[in-house]
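Enquirer: Have a look at the structure that comes next, please.
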Amino acid sequence: MPPTAEKTTPVVKRGKVEAADTYLGLASKLLTIFAALSTVTFWAYSTYYIGTLEIRPNKSVEYLTVKIYDERGAESVYHTGRMKVVPGRYQITATADDSTPSMMQADVKFNATTIVPYVVQEKSEPAAEEEESSQKENRRWWQIWKKN
């Protein structure tokens with residue numbers, strides 16, 4: 001019988017690999033939990049960190065348009081007199097029915113109702129200057145000799 005070579009199995013140190021696998025598994029689970037908690041926190045903040053802004057006209061109106069601008073310049077348009085907004089300072093442009101727009105300012109506080117009185121202004125009749133400018137626009141180019 002020929003001498004048989006004994007097969008030796010290589011010795012692998014699994015201690016470091018298993019430790020790294022354990023640490024990476026733990027890190028991925030913690031990252032997943034942190035992401036879930038961050039999502040819930042952001043949702044709760046955006047849902048419940050609000051104040052109420054109420055526009056009260058001095059007389060009953062059929063149709064109300066409210067444009068609000070925040071400090072960053074973002075514009076939001078509402079067609080109601082009561083809205084939920086994030087606390088802060090707002091510039092408000094309100095128009096009721098076909099009246100002239102009115103500018104107002106309001107500071108909305110957290111979990112509070114801010115009431116802004118709105119005096120509905122009647123739409124003014126076009127002035128004589130506007131009529132003259134519209135007549136100038138209606139002239140044809142060959143009518144340059146007419147009085148400006």
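Enquirer: Run L37 past the list (1) at pLDDT below 90; (2) aliphatic (A, V, I, L, M); (3) not in a loop (DSSP other than H, G, I, E, B) and report the number of the one that doesn't hold.
Expert: Going through (1) at pLDDT below 90; (2) aliphatic (A, V, I, L, M); (3) not in a loop (DSSP other than H, G, I, E, B) one by one, L37 breaks only (1).
Enquirer: Something else about it: Taking the residues in the stretch 65-87 that are among the small types (G, A, S) and loosely packed, with under 15 Cβ neighbours inside 10 Å as candidates, determine which candidate is farthest from T52 (Cα to Cα).
Expert: Of everything passing the filter in the stretch 65-87, G73 is farthest from T52 (Cα to Cα).
Enquirer: Based on what the data block shows, is T100 modelled with pLDDT of 75 or more and part of a loop (DSSP other than H, G, I, E, B)?
Expert: It is true that T100 is modelled with pLDDT of 75 or more and part of a loop (DSSP other than H, G, I, E, B).
Enquirer: Can you name every one of the strands (runs of 3 or more DSSP E) wholly within the stretch 46-92 that holds 1 or more residues which are of a type in the set (S, T, Y)?
Expert: So the answer is 51-57, 64-69, 75-78.
Enquirer: Search the stretch 84-102 for residues that are basic (K, R) and pair each with any residue that is outside any strand (DSSP E or B) when their beta-carbon atoms are under 6 Å apart and the residues are at least 6 apart or on different chains.
Expert: Partner pairs satisfying both residue conditions: K84/I50; R89/E71.
Enquirer: E18 - would you say it is in a strand (DSSP E or B) and not basic (K, R)?
Expert: So E18 does not fit the description; no.
Enquirer: Being of a type in the set (V, I, T) and either more than 15 Å from the chain's Cα centre (by Cα) or loosely packed, with under 14 Cβ neighbours inside 10 Å (or both) is the filter here, so list the residues in the stretch 24-51 that pass it.
Expert: T32, I33, T39, V40, T41, T47, listed by residue number.
The values are calculated or read from the model by the stated rules, or taken from the named source; none is laboratory data. Because the structure is a prediction, the values reported are computed rather than measured. Please note: Cβ atoms are built from the backbone with ideal geometry, for glycine as well, and neighbour counts cover all protein chains shown.
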